[in-house]
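Taking it in order: structure first as structure tokens, then the write-up.
All of the numbers you see were taken from the coordinates with simple rules; none came from a lab. Please read all numbers here as calculations on a predicted model, not as lab measurements. Note: ideal-geometry Cβ built from the backbone for every residue, glycine included; neighbour counts use all protein chains shown.
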Amino acid sequence: MTNKKPINVEIKKINRSNIYRHFLKNEALTKQNLVADLQLCLPTVTKNIDELMAEGLIEKSGSQGHTGGRRAVTYSLVRNAKVALGIDITQNHLTFVALDLTGTLITFKRHRIRFEASESYYQYTGKMLKEFIQNAGFRDEQILGVGVGLPALVDADKKSIFYSQIINLSPSTLEELARYIPYPIELYNDANAAAFTETWMNPDMKNAFYLMLSNNIGGSMVINGAVYSGDGQRSGEIGHVTLVPGGKRCYCGQYGCVDCYLAATNLSNLTDGNLQAFFTGLKNGEPLFTRTWDTYLNYLASTVNILRMLLDCNVILGGYVGGYMDAYIDDLRVRAARLNTFTGDADYLKLCSYKNESIAAGAALYFIDAFTNSL
Ligand SMILES: [Zn+2]
């Protein structure tokens, strides 16, 4: 008797959430569609539609049915009732994205600017973001928040940074950004944000390791569809697993880390930092590029085989190099399969679904996800 009310409240919340999520998956729905698809009674559907319309989250979008007969009104999601913003801060770039409630990219902007932990840099970031928002025509009340992806380790509170050797971020980066960005801000490790984007794009994906092959190597584990952060927010750091004992010196202070051999700069250093030019040269059969790529693929095969042996799940290739892997994935699979004790293929190797801006998008998607879950 005493817990009857909380159960009713809970059921109402579940119904509302299911109805909203059904709109996320369908372009247009009638009340009758919702009754049939979700096994709900008409008064429940009507009440929830009225509420969601009053909040501006859905709208009438047309009608359906035979001419002459009674036509049923269709309703659709107001996709940009709310938007989430994402920022990707790297050594040389500052990227902004805006996503609607379905997670679709509305617009993005990339600035070439060298990172420095200075007042003027954060001020510039705030100014450029304001311009980005104005150009897109967003109202303040539309904006759910700003997710910031960083090449750093971030505490579980999504506020403070506790390890940042690639770019010199201070532990109080959030406060410094907040001075110029008047919206809720959350910080995310870059690879975790990109992995979150992959889980969003592939809702059926259960377990996977996201390997970020950018100018530094990041990694993120996805277990049961959720990013696994570890006990101390340090999981997935494949970049600092020793690949060559006593090998090249890593920026982290150790020797022979995966990062030294798989960073995209191993390739782009041959073409003045232009990775696309490297792959063009490789395609044209440039001998030095061909040799360098052969070595790179062997190190990559060893690394993905380590991941496969430890985790027994798909390995997604992302980051700058991941974006060029389409033409070389079969070659890599052959090399990786040769190293595998148990199987003769490497079908576990997958290309990333989201080639560009996946870090900024992932950082923004956390806000979309939280909003959807709050309904
Ligand atoms: Zn290292």
Local electrostatic count, Ile106, Cβ distance below 13 Å [Lys/Arg +1, Asp/Glu -1]: +1
What dipole magnitude, in Debye to the nearest 20, does the chain give about its Cα centre under +1 on Lys/Arg Cβ and -1 on Asp/Glu Cβ? 820 debye
Could you identify which residue out of Gly149, Gly319, Gly281 has the top mean-square fluctuation in a GNM of the chain using Cα springs shorter than 10 Å? Gly281
So how far, in whole Å, is the C-alpha centre of segment 88-127 from the one of segment 1-52? 38 Å
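Restrict the search to segment 92-126; then list the trypsin sites (Lys or Arg not before Pro) that DSSP places in a loop and that have at most 15 other Cβ atoms within 10 Å of their Cβ.
Listed in order of number, the matching sites are Arg114.
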How long is the gain from Asn135 to Leu38 if the chain were fully straight, where each residue apart is worth 0.36 nm and the alpha carbon distance is subtracted? 31.0 nm
What distance in nm separates the two pseudo spin-label positions at Leu310 and Asp330, each 7 Å out from Cα along the beta-carbon direction? 3.1 nm
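Do any of Lys25/Lys350; Lys109/Lys159; Lys31/Lys82; Lys206/Lys350 go past 18 Å between their Cα atoms, and which?
Going by Cα-Cα distance, Lys25/Lys350; Lys109/Lys159; Lys31/Lys82 fall outside the 18 Å limit.
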Would you please give the FRET efficiency between Asp294 and Asp369, computed as 1/(1 + (r/R0)^6) with r the Cβ-Cβ distance and R0 = 41 Å, to the nearest 0.05? 0.50
Pick from Val35, Val315, Val222 the residue whose mean-square fluctuation is largest in a GNM of the chain, springs joining Cα atoms under 10 Å. Val35
Gyration tensor (alpha-carbon) shape descriptor, segment 163-239, a/c threshold 1.5: prolate
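Just order 334-344, 207-217 by mean Cβ neighbour count inside 10 Å, highest at the front, would you?
The densest-packed peptide leads the list: 207-217, 334-344.
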As straight-line cross-link partners of Lys283, the qualifying aspartates and glutamates (C-alpha separation under 19 Å, not fewer than 8 residues apart within one chain) are Asp272, Asp294, Asp326, Asp330, Asp331
Describe numerically, in nm with one decimal, the distance between label points set 7 Å from Cα along Cα→Cβ at Arg71 and at Gln254. 6.5 nm
Could you give the nm distance between label points at Asp50 and Glu286, where each point is 7 Å from its Cα heading toward the beta carbon? 6.8 nm
Charged-residue dipole, Cβ positions (Lys, Arg, Asp, Glu), segment 204-351 about Cα centre, Debye nearest 20: 240 debye
Which of Ala136, Ala363, Ala98 moves the most in a Gaussian network model of the chain with Cα springs under 10 Å? Ala136
If you average the sequence gap of Cα pairs under 8 Å that are 6 or more apart and divide by the length of segment 154-270, what percent do you get for the contact order? 18 percent
Distance histogram for the chain (every C-alpha pair counted, 10 angstrom bins, percent rounded to whole numbers): 5, 21, 27, 23, 15, 8, 2, 0, 0
Expected unfolding gain across Glu59-Ser353 under the 0.36 nm per residue rule, minus the alpha-carbon gap, is 102.8 nm
Can you give the local net charge around Asp330? Use residues other than it whose beta-carbon is closer than 12 angstrom to its beta-carbon, Lys and Arg +1, Asp and Glu -1. -2
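State the three equivalent ellipsoid semi-axes of segment 204-351, derived from the C-alpha gyration tensor as the square roots of 5 times its eigenvalues, in descending order and whole Å.
Working: eigenvalues 116, 68, 43 Å².
Working from the Cα gyration tensor, I get semi-axes of 24, 18, 15 Å.
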Rg(Cα)/(2.2 N^0.38 Å) for segment 4-77, N = residue count: 1.14
Mean separation of Cα contacts under 8 Å (at least 6 apart) over the residue count of segment 98-188, i.e. the relative contact order in percent, is 30 percent
Sequence neighbours fewer than 8 away in the same chain don't count; with that in mind, list the lysines whose C-alpha is under 26 Å from Lys248. none
For the chain the mean separation of alpha carbon contacts under 8 Å (6+ apart) over residue count, i.e. relative contact order in percent, is 16 percent
